[in-house]
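Asker: Can you read through this structure? Questions will come right after.
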Amino acid sequence: VQLQASGGGLVQAGGSVRISCAGSGSIFRLKTMGWFRQAPGKQRELVAAAVPSGRTNYADSVKGRFTISRDDAKNTVSLQMNSLRPEDTAVYYCNAGGNLIVAGPYWGQGTQVTVSS
């Protein structure tokens, strides 16, 4: 499975941004897809994950603000981020093959999201 992330950039606090990840391989639709993020000096953490059945899990810090969605026909997973805060600034990585809590072995290259105050 190969993953390619896109989107992100610089946004003001309170704004919105959407990041997407395109995956290769016919088994994409069978795998849990997730987004993780890593801020400078911090450990990588789960942001959101979605299983093929549609169940999702979100970090408490993003609940109500972020929405993960997947389109298995197009092998894509997206993260809509609203009401962004400076503490959301991080490199965001898409991930495949884990579960709703733990990352799997497949990672995208990461995309930077910077929220200015």
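Asker: Over the alpha-carbon set of the chain, work out the extent along each principal axis and list the three values in angstrom, largest first.
Answerer: 41, 26, 24
Asker: Something else: Magnitude of the Cβ-charge dipole of the chain, K/R +1 and D/E -1, about the Cα centre, nearest 20 debye?
Answerer: 120 debye
Asker: Moving to a separate point now. May I ask you to give the solvent-accessible area per residue for the chain, in square angstrom, as obtained with a 1.4 angstrom probe?
Answerer: Per-residue accessible area for the chain comes out at 51 Å².
Asker: Starting from 0.36 nm per residue, how many nanometres of slack lie between residue 114 and residue 83 once their C-alpha separation is accounted for?
Answerer: 9.9 nm
Asker: Among 25, 12, 114, which residue has its Cα positioned farthest towards the positive end of the charge dipole of region 5-116, with +1 placed on the Cβ of Lys and Arg, -1 on the Cβ of Asp and Glu, and the dipole taken about the Cα centre?
Answerer: So the residue furthest toward the plus end is 25.
Asker: Something else about it: Taking residue 74 as the anchor, which lysines have their alpha carbon closer than 26 Å to its alpha carbon, excluding any fewer than eight residues away along the same chain?
Answerer: Cross-link targets: 31, 63.
Asker: Please report the carbon-and-sulfur percent of the accessible area for the chain; probe 1.4 Å, protein heavy atoms only, DNA, RNA and ligands left out.
Answerer: After summing per-atom areas, the C and S share lands at 48 percent.
Asker: For region 49-102, give the magnitude of the charge dipole about the Cα centre (Cβ charges: +1 Lys/Arg, -1 Asp/Glu; no others), in debye to the nearest 20.
Answerer: That gives a dipole near 100 debye.
Asker: Where is the GNM fluctuation largest for the chain (alpha-carbon springs, 10 angstrom cutoff): 52, 86, 105?
Answerer: Comparing 52, 86, 105 in a Gaussian network model of the chain, the most mobile one is 105.
Asker: Mind checking which of 92, 106, 58 has the largest fluctuation in a GNM of the chain, springs on alpha carbons under 10 Å?
Answerer: Most flexible of the set in this elastic network: 106.
The values are calculated or read from the model by the stated rules, or taken from the named source; none is laboratory data. Note that the coordinates shown come from a computational prediction; the quantities given were computed from them, not determined experimentally. Glycine also receives a Cβ, built like all others from the backbone with ideal geometry; neighbour counts cover every protein chain displayed. Protein only, heavy atoms only, side chains kept; ligands, DNA and RNA dropped before computing areas. Shrake-Rupley method; radii C 1.70, N 1.55, O 1.52, S 1.80 Å.
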